[in-house]
1. Which of T218, T105, T313 ends up with the largest GNM mean-square fluctuation for the chain, with Cα atoms connected below 10 Å?
2. Could you tell me whether the range 207-297 comes out rounded, prolate or oblate from its Cα gyration tensor? Rule is a ≥ b ≥ c as square roots of the eigenvalues, rounded for a/c under 1.5, then prolate if a/b exceeds b/c, otherwise oblate.
3. Considering just Cα atoms, how many Å³ per residue does the convex hull of the range 157-237 enclose?
4. Based on the Kirkwood radius over alpha-carbon pairs, what value in µm²/s does the Stokes-Einstein equation return for the translational diffusion coefficient of the range 2-69 at 37 °C and 0.692 mPa s?
5. Using θ = phi - 60° and the Karplus relation 6.51 cos²θ - 1.76 cosθ + 1.60, list the HN-Hα couplings for the range 205-212 in order, rounded to whole Hz, with x at every Gly or Pro.
6. State the Cα centre-to-centre distance between the range 256-331 and the range 64-91 in whole Å.
7. Between the range 6-49 and the range 205-252, what is the C-alpha centre distance in whole Å?
8. Lys and Arg at +1, Asp and Glu at -1: add these up for the other residues within a Cβ distance under 12 Å of R144 and post the number.
Amino acid sequence: MNVLFIGGTGIISSACSQLAVQRGINLYLLNRGKTSSRPAPEGAHILHGDIRDPQSARAALKDLTFDAVVDWIAFTPEHIQVDLELFRGRTGQFVFISSASAYQTPPGSLPVTESTLLDNPFWQYSRNKIACEEMLVRAYRSERFPATIVRPSHTYDKTLLPFDGGYTVVDRMRRGKKVIVHGDGTSLWTLTHHADFAVGFVGLLGHPAAIGESYHITSDEWLSWNQIYEIVARAAGVEPKLVHIPSELIAAFDPSWGAGLLGDKSHSMIFDNTKIKRLVPEFNCRIPFVRGAAEIMAWYDADASRRKVDEATDRLMDDIIAHYEKSWPAK
């Protein structure tokens, strides 16, 4: 197959690029050619162009046609409009990377399935993804534009710690400082290693039954946020001092952090993966987070330059904790 990835060197897409090439797919990557910490796999064809500049993208694509095109970096309906104009008649399948945060938030029932309502009143990012999906569904219905929608949840690689603040949180743990866990830490969350995700995703490429359909691709391992922090702390060689703080209070101090909590992480989110497993039987997540956390900490500890502490975030966390403990001294 000839497959085009718009992007292809990100946290999720890099594993998909690698697996696609391993499976003999003739893979093209359209990107701006800027340095990435995740290099393109050997054997991929690099097309230098900027998808945000349609004229640049057209020049890079020339007259190439594809069995599948995947846009890893479309976030707004305007981005999808460009995709429609570029790839009508040029591809047998167009895969849009949406987000599991587009599902009803908070969820009315669990586990979430692909038929769960799309509705997130808390996070603009998610509403934009919903609007993108709606545009593609209209294009499929009106002109049979060959759209497939994929909704990743929290997918990580060795470089990505699972909480806001990144390595700053681990640094606090290692210095014996308190770290913030939103809510009471008991809401359930799903973390998916990008290598596991890639198996389900690559299996969708060029599959005729995937046209006009949507899929989420996630692990079946469910962990509470308390467990997630404790697993990372053990991988970092420390015992964490957890402080449980309401998401609404965090949002009052930092609206951006709060939007990601109230619009996503503060609610239990677990998924029924029956649909993707039915179409791609080899998809079966094999990497538990305890192994993933060890991989993450090994990556950070291998190079001191990776262990960056954001002083502003560190102070913000101190301020939130101080305010909370002053207001709730019994805690």
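No lab work stands behind these numbers, since they all come straight from the coordinates. If you're wondering where the values come from, they're calculated on a predicted model, not measured in any experiment. Heads up, the Cβs are rebuilt from the backbone with ideal geometry, glycines too, and the neighbour counts pull from every protein chain shown.
1. T313
2. Oblate, since a/c reaches 1.5 and b/c is not below a/b.
3. On the way: hull volume 9.4 nm³, N = 81.
About 117 Å³ per residue, rounded to a whole number.
4. Details: Rh = 12.0 Å.
For these conditions, the coefficient is 274 µm²/s.
5. Once θ is set to phi - 60°, the couplings for the range 205-212 become 5, x, 7, x, 6, 7, 5, x Hz.
6. Measuring centre to centre over Cα atoms gives 31 Å.
7. Between the Cα centres of the range 6-49 and the range 205-252 lies a distance of 26 Å.
8. With Lys, Arg at +1 and Asp, Glu at -1, the net is +2.
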